[in-house]
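The structure appears below as structure tokens.
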Amino acid sequence: MPLTKEKKATIFSTFGAVTNTGSIEGQIALITERITQISGHLQTNKKDFSTHRGLMQLVGKRKRLLNYLQKHNLTGYRQLIEKLGIRK
């Protein structure tokens, strides 16, 4: 189930700027939301391997974005993982 415009707007207003949808923090929060949705789908559909592959790609993309954020803005990185509940 894709994210609605309202849900995306709330995510970007919480974690980034509403007008700047390309902000790293907003992108990471959006990917995290998609990861939780796909994880819930895979809990019920264990043999959906193509969705599992997509999930692994999203996790890798989020990891790359987090590494970038950690190198360029360490305090923002620490605040973001605290807000999202990502352990790293």
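Extension gain for K5 to S23 (0.36 nm times residue separation, less C-alpha to C-alpha distance): 4.8 nm.
Pairs of Cα atoms nearer than 8 Å and 6+ residues apart set the relative contact order; for the chain it is 23 percent. Computed with a 1.4 Å probe over protein heavy atoms only, the accessible surface of the chain comes to 72 Å² per residue. When the Cα convex hull of the chain is projected onto planes of every orientation, the mean area is 5.9 nm².
Rounded to the nearest 20 debye, the dipole magnitude of the chain is 320 debye, with +1 charges on Lys and Arg beta carbons, -1 on Asp and Glu beta carbons, and the Cα centre as origin. A simple spin-label model places pseudo-atoms 7 Å from Cα toward Cβ; at K71 and I86 they are separated by 1.5 nm.
The values are calculated or read from the model by the stated rules, or taken from the named source; none is laboratory data. Everything quoted here is computed from the prediction, not taken from an experiment. We place every Cβ from the backbone using ideal geometry, glycine too, and count neighbours over all the protein chains shown. Only protein heavy atoms, including side chains, enter the accessible area calculation; ligands, DNA and RNA are left aside. Shrake-Rupley method; radii C 1.70, N 1.55, O 1.52, S 1.80 Å.
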